Amino acid sequence: MFKELFLFEIRQGFKKISTYIFFSIFFFMYFLIGLISSGVIPIESGDSNVYVNSAAAVASTLIGLNQNIFGLMNSLMLVSLMANAIQKDYEYNMHPLLYTKPISKSGYYFGRFSGAFTITLFVFSAQVIGYLIACLLGTGNDQVGPFHLYNFIEPFLIFTLPNVLILGIIFFVLTTFTRSTLSAYFFCIVLLVLRSITDTITADIDNKTLAAILEPFGHEAFQKVTQYWTPDEQNTLLIPFNAEILVNRLLWLGIALGITIIGYLRFEFSQFLNPISFLKRKTKTSVVPTVASHSLSELPEVQTDFSAKSRWKQLFYLAGFEFKKMVKNSFFLIICAVGIGAMFIIYRFSGVIFGTETYPVTYNILEIAGSLFQFFILILIIFFSGTIIWRDRDNKENELIATTPVSDYQLFFSKYIALIYVTILLLFAIMVTGIAIQFTRGFNDIHILEYIKTLFGFRLLGLSITIGLCLALQVLTPNKYLGFFLSVFFTLILTIAFNLLKWTNPLYQFNSSGPVMGYSDMNGYGHMIFSFLILKTYWLAIVISIALIAIRFFPRGKETSLRARFSLSRFSIPKSAKLVFWCSIIVACGMGSFIYYNIKVLNKFRTAKQEKELLVDFEKKYKKYQCTLQPRIVESKVDVAIFPYERSIHVKGFYILKNKHNVSIDSVILNYNSEQDYKELAVAAPNIIVFDDTELGFKLVKLSTPLAPGDSIKLNFEFEDAPHGFKSKNARTTIVYNGTFINNSIFPLVGYSDKFELNSNKERKSYGLKEKPRMAPVNDSLARMNNYLSGDADWIRFETIVSTSPDQIAIAPGYLQKEWTENGRRYFHYKMDCTILNFYSFISARYEVKRDKWIDPLHPDKPVEIEIYYHKEHTYNLDRMIRSIKSSLSYYTKNFSPYQHKQVRIIEFPRYNAFAQSFPNTIPYSESIGFIAKVDDKNPESIDYPFYVTAHEVAHQWWGHQVIGGNVQGSTLMCETLSQYSALMVMEKEYGKAAMKKFLRYEMDTYLQQRTLEGKKELPLMLCENQQYIHYNKGSVVMYALKDYIGEDVLNNALKKYIQKNAFQQPPYTNSVEFVNALKEVTPEHLKYIITDMFETITIYENYVKALSYKKTAHGKYIVSLTLGCAKFKSDSIGKSIPVNTNDYVDIGIFALQNAKDGNTEKELLLYKFKMDQPEKTVEFMVDEKPFKAGIDPYCKLIDRNPDNNTCEFGKTPGHAELGAGIKKEPVKKKK
Amino acid sequence: MKLSITNINKTYPNGVKALDNINLEIETGMFGMLGPNGAGKSTLMRTISALQDPDQGSIQLGDIDVIKQKSELRKVLGYLPQDFGFYPKVTAVDQLTHFAVLKGVSNKQERKEIVHALLNQTNLFEARNRYISTFSGGMRQRFGIAQALLGNPKLVIVDEPTAGLDPLERNRFHNLLSEIGENIIVILSTHIVDDVKDLCARMVIMNHGKILMEGTPSKAIDTVKEKVWSKLIEKQELNDYKKNFVVISSKVADGKLLLHVYADENPGEQFEQIIPNLEDVYFSLITKN
């Protein structure tokens, strides 16, 4: 019986055209992705070390495309493939015929299910097949490794197969029991939420394991297992069946199995007559009709009114009717509830930096929590457009409606308006939920107006355009489901595809918004409103005209073919509709031309490719001047007039250029931004312009009298930088209404700069350029003649007059000499009293200022002024910042060297960038990092990152502005790593050692994760090529450990000496070799190996507890016995690890549990640096109290991919040590 | 007011000729359209209701050109299709109010009155707050007529309204239809002879898209007067009779077959002449074509 039903189901499945359509959709999607990633279609441009056909890459492609919109699409396909296996018998009224036949329940239930499952598996296999074929086509490209079939089969078996089974069962059982696919569709939405939530909760490092087990698709488990896989491991390893993946898969297969069994046991053939309903409805007793008492002739006379006014009334009545029908739908209510719930949950977990929350300012709520809800709105729009266009036909009410005297236009636009009502209601729900979140978090600074503008202005406008398109598509398509698909295709997939192909012109990107910038508390919506409205008008006009065309095909009456419908409506086109249609066309053309004029005529529209070609052109033409000796800037004096409300600046000033070489110089090379309007760019000496390439901004000037060694010359320049209309994308966020922040990189450069050259070697090759090292070698003596911040200057004198509008304050490095108002503008004269690097900024905004002083105990007569320029509402963390500045100044002046300036200023700038940056005595600091952080002082693990960021930036006044390395490998070690170290020390003084633990865990986690993404080479810390994960994240961990090994004072003394020797030096600049030598000098002989391990090589440990126990002695003491392991590996630039012998000093720690007021805390009983001279050792210690936990390297000072197994509680089984998986002990046979 | 249908033709894409050169003049009063399933009645009804365009021909209702002035027609049309349904979870009173708005009854008070009156008239007043989806077949049809009568229609078209109703409900429905005034045109399409016999002053019989007969029911009966003969036969004899006579109907009665045959003269063999009814007319026409 099972066999017959099963085979019948399969035959039916393979007969259906939809099976093949779904198969081809998957096939081509994955085929295309495969072609792009394997380089057959050359779009991906960055360098990469990983193969796209490794098991890990195949798995992440399969899993990755099960997220977000694609996950939803997969779920929807699953519903249509599997949910109906039994339900269809009911739908087509087959059940009375079937259930009276002598078929067994198990044969029917499992036969139907397995048949549908087999068909579904066939459809989903198209994913891996498509990707496999694309990879085969790419064989021979760099990114395609040797082919192994099992690299494709394994991920399919571990992920696709169970996922299809789990979801399939759930959909099948849900649909069978509720006798409606609606519940399955609803479950798709639940899954979407589940995915988003697991994504966000992993932002907190402690939740990763939990998410790995609970997330139903194995995505988080896969992430967790492979998170630290180096490129080499990604290329060679299969997906291991280890704890997380196994538990996750078993858990969900178990759930699926449970559902199947419950489903089977509960299934009865008689069930169909009584579907299980989630919402029990009251059934009213039927009323027996009585006999008519009147005659039809007694019917009251009514007036029918077909005036224009009455037609408008009809329109809004109908809209209201449709609206009520939609919102009374239980699907709608559930989605709303889920959306609101998801907003709360997601808000709880997002916006977290280092585990610390931000204040729920309105834009945060709108962006983080609202974006998911907005996705729901989009889904609801797509769903409801289908439902309401097809409702009349689905309920067979279409002929009744069609014969009433309402026009097609009224019918269509009433639905349009109704959907807008629904959208408004949903947006309102977002607003109310958002405000509720703010209140529940105790945040009362609520910007209602910002909610209204964002939601009911910007978002509603954009969504209205989408609604129009979806409705029009549903009118035109022959069935609802094709309509759904086309709606998803045009509103979501096409945009994603265009972005993938880098087709960015807003004229054909549906519903494009033009250049966008996020909302900033400082700058509001900024200047994007105008271009936004223009683009939305353009799209709205297009959609209205499409809708008016679609209405000609409105499904009125019985006709189904488009041609017949078109002809049926040919006599019913009102004049007004024609008028509106032509107006829309004119508006669309007009706006289109205006947009074209702005993006193509006023501005140069370049595709990503054209932009690259420009850089290539520049390099090919002018690289030859790189070695031409140039005079260097020794002074910069500029007048910068900022016009915030015109978003323009006017710069007039000069550089003094000095010939620092010992030969005379006869030509000056000037490199400038060709989009700026230059009035003057000339040396103040007789000269001839050899050429001036105004397109690329490159000018060569020949001096009539060569500049003798030691002589100077003045370079005058004046330019205006003003916006012309709007661009296609990339809103310019540097000069804005409130919060201008520019630096001297927009000023002319002297000489050829290689900063603008293409970096990706893959791209360089395709343009016929030579491979280029990311940075010059550490000992390159020529490169060390420049510091890594500036290629045309060393230390310069600086003076400026900045002017701005009278309501703003303008700030630049230096000390304020004078402030005055003239001609309705406010002027500030700043002058620096010492030489600085050629690195300065100009800032202007409406600021409040908070002032304080730090008094140096050694020099009480010379207080350092502290000033914070902040946006008036952002007062939350000002005191923390001031405290941090004071602590930093104390620590750095005491341990490193005196502070070279008399002032520290922090200046808030809009959140268009999320960084803080240190300029001489000036620290611009983004509003999004720190100013709105919500530090929980009661939680010892909550990291005070405003304090930390401030300390880091203040440290740059030493590391960067006193000592700066040459433009070679490893120089960021002396800048960023030492600033990290300095900030860590200040933090440790303030918050204690315990607070460092979580911070360092984040740093280690980030380092281990980011190194897996390295596209070129991972380098040891001292050769770091501006790789952030090395100089920040690894640097923190390494320096903290170094301090632990050699002692804080010893280390600081070395730093002090190093500063003394190198501060404010002239070229050649110092390098990391000098720095590491300075460390070696102070490191005792037996620890010298740590310098090699930490700075000169890439070293990874696997420390673990193998066994532990304790005995109580007669004297009330405890003897603890520990078996500990320490494996050590050296890694190469792509993460290939080789085990090396251990002979290292590692911490051993034993801890007791201590009762404290707020729960139990751990108390250190013993911490001891122990020499691990064998891979595993058993040791015994005696402690005074009852031990609770013990282990090796308990504070994770050493870099370890499995920090969790470093310690173990007594009585528990120690965690598994990964000596083989991931890191191979012996060279595994190299795959062919 | 007169409905003139001139030279209407309609062929469906699958090649079925649904309407074959139909010409009709329909005056006020109840007009019956009798024909078997698939005769083209519904196509004709829908064409008159402007739900479909004919391939050729014209339809004129008074001054209204039905094909070109669809919205004018809709203002005076009441239509009850053969196969229809209603939105789920909408009560009768809400649904009827909805139709009242669509039909242009814009005054709220009037709307309420007419809705209540119609529900009363169709015996649905007490069920007015029930969802229509819970109505029985007869109630649904009565509700259908109620919506068709909204907004002073000049032309009411009801397409197979009694199919599937029990005799009691059908009776009720007939009563209801008979109440519709004499001064508007009511077209009733049906395959049940009694519907036409009881209700219609004028009628046509249709089959294969053609009009086979037009006139009053009594005139129709006249066409077969003294030409219908009946006889009780054994079941197995039917084939022989079919070969030799024009059999217009055969009914089982007491284990035997009651045969009606059409013949201008007495066919002999113990056939008895009977007084024909409309059914004999209908069956004879259908059989002959």
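Numbers at a glance
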read-out: Packing rank of A:46-52, A:551-557, A:981-987, where each peptide gets the mean count of other beta carbons within 10 Å, highest leading; value: A:981-987, A:551-557, A:46-52
read-out: Rg over Rh [alpha-carbon atoms, Kirkwood Rh] for segment A:1-113; value: 1.16
read-out: Surface/4 estimate of mean projected area, convex hull on alpha-carbon atoms of segment A:310-602, nm²; value: 17.6 nm²
read-out: Estimated translational D of segment B:3-217 in µm²/s (Stokes, Kirkwood radius over Cα pairs; 37 °C; 0.692 mPa s); value: 186 µm²/s
read-out: Peptide B:113-121, shielding by other chains (average Cβ, 10 Å cutoff); value: 4
read-out: Ranking of B:200, A:1024 by count of other Cβ atoms within 10 Å, fewest first; value: B:200, A:1024
read-out: Compactness of segment A:655-762 as Cα Rg over 2.2 N^0.38 Å, two decimals; value: 1.27
read-out: Residue A:268-residue A:306 pseudo-label distance in nm [points 7 Å out on the Cα-to-Cβ vector]; value: 5.7 nm
read-out: Equivalent-ellipsoid semi-axes of segment A:589-635, from the Cα gyration tensor, Å, largest first; value: 37, 16, 6
read-out: For B:94-107, mean number of other protein chain Cβ atoms within 10 Å; value: 6
read-out: Antiparallel DSSP beta bridges within segment B:3-217, as percent of all bridges there, nearest 5; value: 50 percent
read-out: Stretch gain in nm, segment residue A:1081-residue A:70, where the contour uses 0.36 nm per residue and the Cα spacing is subtracted; value: 358.2 nm
read-out: Euclidean distance between Cα centres, segment A:1012-1047 to segment B:153-213, Å; value: 91 Å
read-out: Debye equation applied to the C-alpha atoms of segment B:1-110, log10 I(q)/I(0) at 0.22 Å⁻¹; value: -1.26
read-out: 19 Å Cα-Cα threshold exceeded, pairs from A:831/A:902; B:2/B:154; A:313/A:396; A:699/A:831; A:623/A:658; value: A:313/A:396; A:699/A:831; A:623/A:658
read-out: Global size of segment A:970-1096 as Cα Rg and Dmax, reported in angstrom; value: 14.4, 42
read-out: Estimated dipole of segment A:970-1096 in Debye, rounded to 20 [Cβ of Lys and Arg +1, of Asp and Glu -1, Cα centre]; value: 120 debye
read-out: Pairs from A:604/A:652; B:197/B:231; A:853/A:934; A:88/B:197 whose Cα-Cα separation, in the structure shown, is over 32 Å; value: A:88/B:197
read-out: Dipole of segment B:3-217, positive end: most advanced residue of B:34, B:4, B:92 [Cβ charges, Cα centre]; value: B:92
read-out: Descending principal axes extents, the protein assembly as shown, alpha-carbon based, whole Å; value: 138, 89, 62
read-out: D_trans [Stokes-Einstein, Kirkwood Rh over alpha-carbon pairs] for segment A:910-1023, 20 °C, 1.002 mPa s, µm² s⁻¹; value: 138 µm²/s
read-out: Centroid-to-centroid separation of segment A:693-738 and segment A:530-544 [C-alpha atoms, Å]; value: 36 Å
read-out: Value of [θ]222 nm, deg cm²/dmol, for chain A, DSSP H segments ≥ 4, -39500 (n - 2.57) each, nearest 500; value: -13500 deg cm²/dmol
read-out: From the C-alpha gyration tensor of segment A:92-187, square roots of 5λ in Å; value: 39, 14, 11
read-out: Theoretical FRET efficiency, 1/(1+(r/R0)^6), r = Cβ-Cβ of residue A:1209 and residue A:1061, R0 51 Å, to 0.05; value: 0.55
read-out: Percent antiparallel among DSSP beta bridges (both partners in chain A, rounded to 5); value: 85 percent
read-out: Volume of the Cα convex hull of segment A:1098-1232, divided per residue and given in Å³; value: 122 Å³
read-out: Per-pair calculated FRET efficiency, R0 = 30 Å: residue A:743 and residue A:677 via Cβ, rounded to 0.05; value: 0.95
read-out: Reference-scaled alpha-carbon Rg (2.2 N^0.38 Å with N residues) for segment B:174-238; value: 1.47
read-out: Charged-residue dipole, Cβ positions (Lys, Arg, Asp, Glu), segment A:398-523 about Cα centre, Debye nearest 20; value: 200 debye
read-out: Dimensions in Å of segment B:79-194 - Rg and Dmax from alpha carbons; value: 13.5, 41
read-out: Kirkwood Rh in Å, taken over all unlike Cα pairs in segment A:2-273; value: 19.8 Å
read-out: Whole-Å distance, taken between Cα centres, linking segment B:20-50 and segment A:917-977; value: 87 Å
read-out: For segment B:223-288: Kirkwood Rh in Å [reciprocal of mean 1/r, alpha carbons]; value: 11.8 Å
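Rule-based calculations on the coordinates, nothing more; no lab input. Source: prediction; values computed, not measured. Because the Cβ atoms are built from the backbone with ideal geometry, glycine has one as well, and the counts that use them run over all protein chains shown.
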